[in-house]
Amino acid sequence: MGSRIWKSSGGETHVRQNTSEAQPSGHQEGECVAPLGGATNDVTLVRGPWAVVCSKGQDHDDYGLAIPGDGALRSTQATGTRRFRTTALDGASWAALKGSPPNTTAREALPKQVLGLDVAPEPRLGSDQLAAEMAELYAMAILRDKPFEELRDGQHGAATTVHALRKMSWFDEGAPTPDRHMQPQTSEGPRGKRNRLSPQSLFRAAAPGCAVGPYVSQFLLIGNSGLTGGLTPDMGFVTFGTQRMSQMIARHVSGVDYMRDWAEWLDVQDGADTASAQAFDGTRGFICTPRDLSARMRQSAPEEPFVTAYYLLLAAEAAADDGLPEPTSLRSSAPPLTAADVLSLISEAASAAQVLLAEQAARGRGRLQPEVLGALATLVTNGEGARLGAARPLVETHVEKLEAAATANFDLLEAVNQMPTTGQFGGEPKGPPFQLSRNLMLPMAFAEGAPKEAAFGARQATVAGACATLLKAMFKISTDGAAPLTLDQVGTGTLGTTYVPNGTGSCLVATTAPEDAGSQLTLQGELNKLAANVALARSFAGIHTYGASWDAMRMGERLAVGLLLDRLAASDQPASLTFESFDGDALVLSGDGQGAATLLVEGGADPSAWWHRLNGEVAQHIEFPKLS
């Protein structure tokens with residue numbers, strides 16, 4: 001393949017391009033090209049995440065390579081218009097950046113434990129994990145318009161898809177631990193903790209309760225009765241005070257995906273603002289399909305579903321955690337955690353998540369968006385691999401591992417190749433400068449694709465992990481005997497009936513499946529599921545992989561713990577909060593009422609090891625000092 005392996009003095013393995021190979025136009029002979037990423041040295045390419053510099057918003061050549069000399073993303077102050085490759089987009093404005101640099105003031109306001117928080121490096125290009133998670137995104141796109149309730153029964157090819165995915169090493173339970181030499185390890189073993197793959201567990205997170213019952217959390221579907229009655233849970237109206245909000249969403253058009261056309265994909269990479277091209281079908285309904293779930297989270301802030309969940313729990317008269325002093329009800333003004341505190345903490349968590357992710361970006365953390373990985377695979381499979389320079393063998397290995405997702409009756413990559421390639425932005429798209437015989441471009445649910453920032457550190461998932469943790473901590477989630485509290489045991493029992501959307505999502509119906517009963521679903525499980533739904537909504541859209549979302553959920557969990565410890569330390573009353581983490585750890589947060597607050601992990605585990613489990617580091621401290 002024209003590449004050779006060499007070792008640096010530090011023992012790292014690198015790939016150097018053979019300078020006898022054909023060079024892409026516009027690049028120096030022998031230069032190590034970072035395809036579509038903007039970096040230009042082979043050490044960065046292979047030693048760590050090979051493209052830590054996201055190039056979305058820069059200029060790219062017709063093959064999708066970032067043009068040298070255009071290393072800075074367009075700022076939000078950029079004005080004017082430009083020509084794009086799709087005629088209908090000529091004169092379109094540049095899309096604004098979603099990310100922001102670290103804010104010193106906001107950073108200093110974070111709990112001090114959170115300041116050192118980090119997560120393990122993202123999986124490398126060519127690893128089993130990244131290939132498996134990209135295959136999962138392809139599968140999500142293929143099944144995007146099928147009802148969740150039918151997918152869990154194995155319908156619409158879900159069972160066939162599961163069999164194909166299980167052919168990959170990462171999903172094969174009988175295979176040795178994959179990529180042990182490449183994958184970061186934690187105290188739990190390899191990252192990317194998963195449930196055993198089946199139609200029921202397909203596309204679900206590994207947190208307790210996420211694989212039980214319907215895919216969509218009750219807190220994203222049902223409503224309450226309101227102050228004056230007349231409303232029922234199946235109507236989906238959540239009332240709080242004089243306000244009323246519907247759980248129904250504005251539906252995206254079924255079957256319409258974006259960026260399958262090479263020229264339109266390039267326009268988006270160059271920074272075309274295509275968000276207004278999103279197609280809606282003019283109807284409203286409950287979350288029924290993966291496309292509906294991604295649409296729900298495109299239409300609201302990531303913390304909004306947790307505010308809704310809070311009001312649903314209040315309406316059900318759910319009890320506060322036993323460790324909070326009487327008469328705390330989480331609906332009054334009784335300290336140390338009041339009704340206002342709940343909403344304040346949710347808002348703080350959402351803001352702090354952005355600061356945390358800016359910190360990660362400032363450390364040079366990142367990975368290319370999945371929409372770019374699909375383009376890399378397309379270049380390689382259409383004979384343009386030489387243009388990728390030192391990354392070529394990595395991409396070829398990536399594609400080879402993707403090709404393992406096949407059975408005698410189903411080939412995942414061929415199914416992707418057969419998906420529609422129609423341009424969605426109008427005009428006369430200019431085709432790629434090569435013969436496109438195999439299209440592995442990732443079908444995107446959003447017209448604008450991913451935000452113009454590296455796909456490491458999922459903000460929506462970080463917020464979801466933090467907000468779910470706040471609710472689990474402040475509400476009672478276990479019986480006095482320490483068993484998980486089931487939905488029919490919560491408050492007045494009004495959460496005891498489980499609802500699912502009908503086949504079209506036009507209404508909710510009470511499910512009669514024994515495994516979905518309120519006596520089987522737990523409050524903790526439905527809050528975990530809510531976090532996973534919010535986080536993985538972006539995966540269904542093609543924006544983040546499972547691993548990125550799972551890591552971000554757990555980072556958000558630690559953010560919430562820090563915020564709660566801050567509140568407990570500031571209280572003049574002793575109090576404690578007990579809940580279970582996404583990894584199944586029993587955690588106790590306690591404040592002594594004299595300015596100190598402590599985290600305990602039941603079973604005698606080292607609290608500092610839990611805190612930094614994500615990156616394997618041990619924190620220097622975990623106890624808050626007394627306040628002066």
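Which residue, 501, 511, 539, has the largest displacement toward the positive end of the dipole of segment 457-576 when charges sit on each Cβ (Lys, Arg +1; Asp, Glu -1)? Value computed over the given set: 539. When a 1.4 Å probe is rolled over the protein heavy atoms, the share of accessible surface on segment 394-523 that falls to carbon and sulfur comes to 49 percent.
Inter-part distance, segment 504-533 to segment 215-274, computed on C-alpha centroids, equals 18 Å.
Residue-wise HN-Hα couplings along segment 132-139, as the Karplus relation 6.51 cos²θ - 1.76 cosθ + 1.60 with θ = phi - 60° gives them from phi, are 5, 6, 5, 4, 5, 5, 4, 5 Hz; Gly and Pro carry x. I'd like to know which of 393, 436, 482 lies farthest towards the positive end of the charge dipole of segment 370-525, counting +1 on Cβ of Lys and Arg and -1 on Cβ of Asp and Glu. The Cα lying farthest towards the positive end belongs to 393. Note on residue 351 and residue 275: with the Förster distance fixed at 25 Å, the Cβ-Cβ geometry gives a FRET efficiency of about 0.60. Each Lys and Arg contributes +1 and each Asp and Glu -1, all at the Cβ; summed about the Cα centre of segment 205-278, the dipole is approximately 540 debye.
With 0.36 nm allotted per residue and the present C-alpha distance subtracted, the residue 253-residue 159 stretch has 31.3 nm of extension available. In sequence order, segment 240-250 has phi-based couplings of 8, x, 8, 8, 9, 10, 8, 7, 6, 10, 7 Hz under the Karplus curve 6.51 cos²θ - 1.76 cosθ + 1.60, θ = phi - 60°, and Gly or Pro positions carry x. Packing, taken as the mean count of other beta carbons within 10 Å per residue, orders the peptides 128-138, 552-562 from highest to lowest as 552-562, 128-138. Note on segment 206-251: with neighbouring protein chains present and a 1.4 Å probe, carbon and sulfur make up 60 percent of its accessible heavy-atom surface.
With the cut-off at under 17 Å, measuring from each backbone N in segment 113-152 to a point 7 Å along the Cα-to-Cβ line of residue 410 picks out 132-152.
Per residue, the solvent-accessible area of segment 401-486 (1.4 Å probe, heavy atoms of protein chains only, all protein chains present) comes to 36 Å². Annotation: amide H-H contacts under 5 Å for residue 60 (H modelled 1.01 Å from N, sequence separation of 5 or more, or interchain): 67.
Going Cα to Cα from residue 146, which aspartates and glutamates come in below 17 Å? Please leave out same-chain ones fewer than 8 positions away. Straight-distance partners of residue 146: 136, 257, 281, 292. Summarising the amide proton neighbourhood of residue 499: residues at separation of 5 or more, or on other chains, whose placed amide H is nearer than 5 Å comprise 511. For a paramagnetic label modelled at 7 Å from the Cα of residue 343 toward its Cβ, which residues of segment 235-252 fall within the zone defined by backbone nitrogen distances under 14 Å? Once the point is set 7 Å along Cα→Cβ of residue 343, 239-245 turn out to lie under 14 Å by backbone N, inside segment 235-252.
As a quick test, which of the pairs 167/452; 56/529; 452/476; 452/529; 56/401 have an alpha carbon distance above 30 angstrom in this structure?
Table pairs above 30 Å Cα-Cα are 167/452; 56/529; 452/476.
Residue separation of residue 299 and residue 513 scaled by 0.36 nm, minus their Cα-Cα distance, works out to 73.9 nm of gained length.
Each of residue 243 and residue 109 was given a label point 7 Å from its Cα along the Cα-to-Cβ line. The distance between the two points is 1.9 nm.
At a probe radius of 1.4 angstrom, the accessible area of segment 113-166 per residue rounds to 25 square angstrom.
Sort the following peptides by mean Cβ neighbour count (other Cβ atoms within 10 Å, averaged over residues), highest first: 292-300, 443-451, 566-574.
For the peptides 292-300, 443-451, 566-574, the packing ranking is 443-451, 292-300, 566-574.
Length gained on full extension, residue 602 to residue 284: 109.9 nm, using 0.36 nm per residue less the C-alpha separation. The phi torsions of segment 407-415, fed into the Karplus equation with coefficients 6.51, -1.76 and 1.60 and a -60° offset, translate into couplings of 10, 4, 10, 8, 10, 4, 5, 5, 5 Hz, rounded to whole numbers, with Gly and Pro shown as x.
Near residue 285, the amide H atoms lying under 5 Å from its own belong to 249, 251; only residues 5 or more places off or on other chains count, and H is placed 1.01 Å from N.
The values are calculated or read from the model by the stated rules, or taken from the named source; none is laboratory data. Keep in mind it's a predicted model, so treat the numbers as computed, not measured. Cβ: placed from backbone, ideal geometry, glycine included. Neighbour counts: every protein chain shown. Accessible surface areas use protein heavy atoms only, side chains included; no ligands, DNA or RNA. Shrake-Rupley method; radii C 1.70, N 1.55, O 1.52, S 1.80 Å.
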